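Written below as structure tokens is the structure these notes are about.
Nothing in this text is a laboratory measurement; each read-out follows from the coordinates by a stated rule. Keep in mind the model is a prediction, meaning the values are calculated, not measured. Neighbour counts run over all protein chains shown; Cβ positions are idealised from the backbone, glycine included.
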Amino acid sequence: MEPSTATGAATAAVETIMMIASDLDIVAARQQGRRYVLELGFSSPEATLIATAISELARNIVMYAKAGEIALRPLEHDGRSGILIIARDDGPGISEGSRAAIDAPAAGGMTLGLRAMKRLVDELEIESRAGQGTRVAVKKWKA
């Protein structure tokens, strides 16, 4: 499935929504996300970190929920520029125990990728209920 923008135009000035349902979508989302943040003015090293976060979010969607979407949205706040990345799915959700494990030093499975992602981004927020899907929102601000 080809990633697409909400407006049909490939510009970083608007929200971009990418449908995720396969390994090919993971690769496409990573590539499109990197291009998007470079257009927003992020440096190449920052773009690589953001692309890695997008890839991890997309991988979790495919592995645990089978399908979902990732939205990219430019941010402006108090003179700072950044990006908001929202991953949504209708999968099995993340249990309270697994969410607590995200901060644990020796957790594995789904939480291992989310723990690693916390080091790549500035803010991470998870909303999930078992059996009702997951929404992960991350923010990264330009250095």
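Here are the numbers for the structure shown:
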| read-out | value |
| --- | --- |
| Over the stretch 50-95, relative contact order from alpha-carbon pairs under 8 Å, at least 6 apart, % | 37 |
| Sorted peptide list for 63-74, 128-139, 83-94, criterion being average Cβ within 10 angstrom, highest first | 83-94, 63-74, 128-139 |
| Full-stretch length increase - R119, H77 - with 0.36 nm per residue and alpha-carbon distance subtracted | 13.0 nm |
| Contour excess over end-to-end distance, with Cα ends at A67 and I126 and 0.36 nm allotted per residue | 19.5 nm |
